[in-house]
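One structure, as C-alpha cells, below. Some questions next.
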C-alpha cells in the first residue's frame, strides 16, 4: 500500500513537471511539435523506470528539468527538447543510438550520441590525455551542431542546482569542472545568465561560509543602494517619459561570486567595492525605429543630466562582441557622488544577452548560417583542433584562452576589420591573417610606424605585416603571442621544423657511417648521448641536423667515445636516487607504512599527517583555517591545495576521481608560510613599526621587501603563522599603523 502511494505521488509529480515543460514550450515562437516531445518523454520515462537520483526523486525528473532549461532559459526548440529528455537513455539503459535514430530521426539521435560520448568520456576518471581527447571530440561535435553543447550546459546547470546530495569530494570535482570548462563555454556562447549562475553555484558549494557572509552584507546594504538608484533614476525617468520612449529601467546587482572576485583581485574588503550595482535601461523594439539611434538618444538624455566618464564608454552596439552581445555602456557621476554604470539595450539585445546568441541561430538542414561572429569563433576552434598540443593540459588551457578573451578591433591596410583578443600582438595579428604570413613574419607597421613582433595592439590600430621568405618560426615566438590560434600554429610549425631537422640529422649520420663497419647499436647511441650531452636520440639527431654538433672527421672515433661530462655523472646519480626513493615509497605502501588513501573518506589533517603522505604546496600555500581539498598522486601522496588554487582548479576539472575531502586538525607547533601585501603613505619609521607588530605576535619573518615611490610604499612580507586566525590578527594590527592604507593576504 505504501509503495502504491509512493508510485502515485511520483506519477503525479512527473506528470506535473512534464506539463510545465509543455507550457514553457507553448509560450515560445517555435513550431508546435508536442507529439514528438511527448513521445520522447514517454520513452525516457519507461527507460528510467525505477531509477532514482541521489536525492531520492525519480530519475526522469532530471531529464525533464534539463529539457525545461533548454526550452525556457536557452530558447531552443523541439529537437533539442527531445534530445534533453533522452540524453541519458543510451548511457544508462538498454537503448542504443540506432534505436533513437529509428524512433526520432537522425538529428535527435546525433545530438544524443554526442551527449552520450561527452558523459561517458569527458572527465570520467580517465588519464588526462584521454580526457583532453574527449574534450576535443566535444568541441568538434559542437562545431558541427551547437545544440550538443547547449544541452550539455543545461544538464550541467541542473546538476549544479542539485549538488547538495553529492559527497564533498564529488562536489569539488563537479564544481571544478564547471568553473574551469562549462562557465567559460557558456560565456563564449552568450549565455550570460547561465554563465553567472554556474559561477555562483560553483562558488557557493566550495565556499559556503564566504558566500553567506557576502550575501548577508548585500542584504544589509540593499536599502542604501536602492536610495542611490532612486535618486539617480528620478530625473532620467521624467525626461524619457517626456520624450515618449517605451522602456524599462532597473538596477541590477553583481553576483556574490563577481563581488568576491573583485575583492580578491583588488585586495579590498566588501565595503570598498563601489560598483556593486549597475543601471539597465531596456527599450522596446518599435517598427521603423533604429536600435542604434535609440541607444544614443537615451545616452544623450543621461549625459545631459549627469557628468560622463569618457574613458568608460563601451559601444557594443556598433560592433557586437563575438558571442553576439550588444549594448551601449557608459559611466556617469550620480547625484550622491558615486560613479554609476548604465547599460542601454533593446529588448532584442537583452534577450540575446541573457539567453545566448546561439538560441537565435537558424538551422538549415542541420547547418548553421554563415557570417555570424559565433560562426567565425567556431572556425577558430576548428583550426585549433586540427593540431592540438601534445600536452593535454596545455591543450585545455589553449582552448580556455579562446573562451574568456576580451576583444579589440584592428584594421588591415585595405580597411578590413579583424577581431582579436585584448593584449594581442603584431605576431598574433599575422597568424590571424594566415599561418603562412605568421610563419614568415619579420615585423609590422602599426599606424605606419615600424614595430617589433611583440608590439601589443590597441583597438583602432591599422596594421601591416612585413614578411620574408627566409624567415621561419622560432621557439621564442611562443613568448610573443597571447592568442590560442597563434600558439597552435607556432607549435605546429615548430614540431614540423623539428621533424625535418631530425630527419636531416639522421641522413647526415647515416651518410657519415656509410661504407664503414660502424653500427649504431643501443650501446653506441648511449655513448654518443653521454659524449654530446643530449637526453635522447631525437635530441642528438636534431643537434646534428641543426649543425649544433659536428661529427668527428674520422667517424671510427664514434666507437671509442669515453669522455663523460661531470654534469651527466651527477645527473645519473640523481636519477638513481630518484628511482631509489620511488622504490622506497613503493615498499612503504606495500608494508602499509603509508595509509592507502580512500577518495570517498574525509581526512583530518593533524601534524603527524605531514610526516606521512600529506603535503602542502607552494602554488597556493594553504594554512590551517583555509578551505582545502586533496589531490591523490600516483605515489599515494595527497597534495593539499587551497580551494581557490588555480592549479587545483585544473586538477579538479581534469582528475576528478583523485580528489580527496580534507579538514584541518589542531596545529600548534608547525608554522606555515603565507604572504601579505601592505600599501600606504611612506614615512620615517614605517618599516620599524611593521616589524615590531610582527615580532610582538611571536611570529617569524622569512623575508620582507618594501619599496617606496613618490611618498607611497608597497610591501611584500613572507611570514610564518600557525593558522588563519594568526594571519587575521596580524593584518588587523598592521592596518592600525599610522599611514597604512591596505593590508591583505596575497592571493594565488
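Within the range 642-649, can one find any residue that is surrounded by fewer than 17 Cβ atoms within 10 Å (Cβ to Cβ) and either in contact with a strand residue (DSSP E or B) (Cβ under 6 Å, 6 or more places away or on another chain) or without any contact (Cβ under 8 Å) to a residue 12 or more places away in the chain (or both)? So that I can check it myself, show each step before the final result.
Going residue by residue through the range 642-649, those that are surrounded by fewer than 17 Cβ atoms within 10 Å (Cβ to Cβ) are 646-647.
With either in contact with a strand residue (DSSP E or B) (Cβ under 6 Å, 6 or more places away or on another chain) or without any contact (Cβ under 8 Å) to a residue 12 or more places away in the chain (or both) added as a condition, the list becomes none.
Checked the range 642-649: no residue is surrounded by fewer than 17 Cβ atoms within 10 Å (Cβ to Cβ) and either in contact with a strand residue (DSSP E or B) (Cβ under 6 Å, 6 or more places away or on another chain) or without any contact (Cβ under 8 Å) to a residue 12 or more places away in the chain (or both).
A further question follows. Could you look through the range 471-526, keep only residues that are in contact with a strand residue (DSSP E or B) (Cβ under 9 Å, 6 or more places away or on another chain) and more than 14 Å from residue 435 (Cα to Cα), and pick out the one that is modelled with the highest pLDDT?
By that ranking, first place goes to 480.
Another question, then. From 299, 325, 247, which residue is under 30 Å from residue 418 (Cα atoms), assigned by TED's automatic domain parsing to the domain that holds residue 344 and more than 29 Å from the chain's Cα centre (by Cα)?
Matching residue, one of 299, 325, 247: 299.
Does the range 104-134 hold any residues that are part of a helix (DSSP H, G or I), surrounded by fewer than 16 Cβ atoms within 10 Å (Cβ to Cβ) and at pLDDT 85 or above, and which are they?
Our first condition is that a residue be part of a helix (DSSP H, G or I); within the range 104-134, this holds for 104, 106-121, 128-134.
Retained after the next criterion (residues that are surrounded by fewer than 16 Cβ atoms within 10 Å (Cβ to Cβ)): 106, 120, 129-130.
Of everything in the range 104-134, just one residue is part of a helix (DSSP H, G or I), surrounded by fewer than 16 Cβ atoms within 10 Å (Cβ to Cβ) and at pLDDT 85 or above, namely 106.
One residue is enough: does the range 567-580 have a residue meeting the conditions at pLDDT below 50, surrounded by 10 or more Cβ atoms within 10 Å (Cβ to Cβ) and assigned to a loop (DSSP other than H, G, I, E, B)?
no
Go through the range 701-748 residue by residue and tally those that are in a loop (DSSP other than H, G, I, E, B), at pLDDT below 85 and over 23 Å from residue 605 (Cα atoms).
Matching residues across the range 701-748 total 3.
Might you let me know whether the range 173-186 holds any residue that is surrounded by fewer than 18 Cβ atoms within 10 Å (Cβ to Cβ), farther than 30 Å from residue 305 by Cα and touching a helix residue (DSSP H, G or I) at 6+ places or on another chain (Cβ under 8 Å)?
no
While we're here: Taking residue 305, is it at negative phi and crowded, with 17+ Cβ neighbours inside 10 Å?
No; evaluated as a whole, the condition is false for this residue.
Might you let me know whether the range 144-167 holds any residue that is surrounded by fewer than 20 Cβ atoms within 10 Å (Cβ to Cβ), more than 25 Å from residue 599 (Cα to Cα) and at pLDDT below 85?
Yes, the range 144-167 contains a residue that is surrounded by fewer than 20 Cβ atoms within 10 Å (Cβ to Cβ), more than 25 Å from residue 599 (Cα to Cα) and at pLDDT below 85.
Check whether at least one residue in the range 208-224 is in contact with a helix residue (DSSP H, G or I) (Cβ under 9 Å, 6 or more places away or on another chain), within 22 Å of residue 340 (Cβ to Cβ) and buried (at least 18 other Cβ atoms within 10 Å of the Cβ), and report yes or no.
yes
Specify the residue that is nearest to residue 417 (Cα to Cα); the eligible residues are those in the range 452-465 that are surrounded by fewer than 18 Cβ atoms within 10 Å (Cβ to Cβ) and touching a helix residue (DSSP H, G or I) at 6+ places or on another chain (Cβ under 9 Å).
By that ranking, first place goes to 456.
Taking the condition of being assigned to a helix (DSSP H, G or I) and out of contact with any strand residue (DSSP E or B) (no Cβ under 6 Å at 6 or more places or on another chain), how many residues in the range 303-337 meet it?
5
Let me ask something else about it. Specify the residue that is surrounded by the fewest Cβ atoms within 10 Å (Cβ to Cβ); the eligible residues are those in the range 662-699 that are touching a strand residue (DSSP E or B) at 6+ places or on another chain (Cβ under 6 Å) and over 27 Å from residue 265 (Cα atoms).
665
Still on this model: Under 23 Å from residue 282 (Cβ atoms), in contact (Cβ under 8 Å) with a residue 12 or more places away in the chain, over 25 Å from the mean Cα position of the chain (by Cα) and surrounded by 21 or more Cβ atoms within 10 Å (Cβ to Cβ), is that true of residue 232? Break it down stepwise before answering.
Numbers: under 23 Å from residue 282 (Cβ atoms): yes; in contact (Cβ under 8 Å) with a residue 12 or more places away in the chain: yes; over 25 Å from the mean Cα position of the chain (by Cα): yes; surrounded by 21 or more Cβ atoms within 10 Å (Cβ to Cβ): yes.
Yes: the conditions hold for residue 232.
Exactly one condition in (1) within 13 Å of residue 176 (Cβ to Cβ); (2) in contact (Cβ under 8 Å) with a residue 60 or more places away in the chain is false for residue 665; which is it?
(1)
The values are calculated or read from the model by the stated rules, or taken from the named source; none is laboratory data. A quick note: this is a predicted structure, and the numbers were derived from the prediction, not measured. A quick note on method: Cβ atoms are made from the backbone with ideal geometry, for glycine too, and the neighbour counts reach across all protein chains shown.
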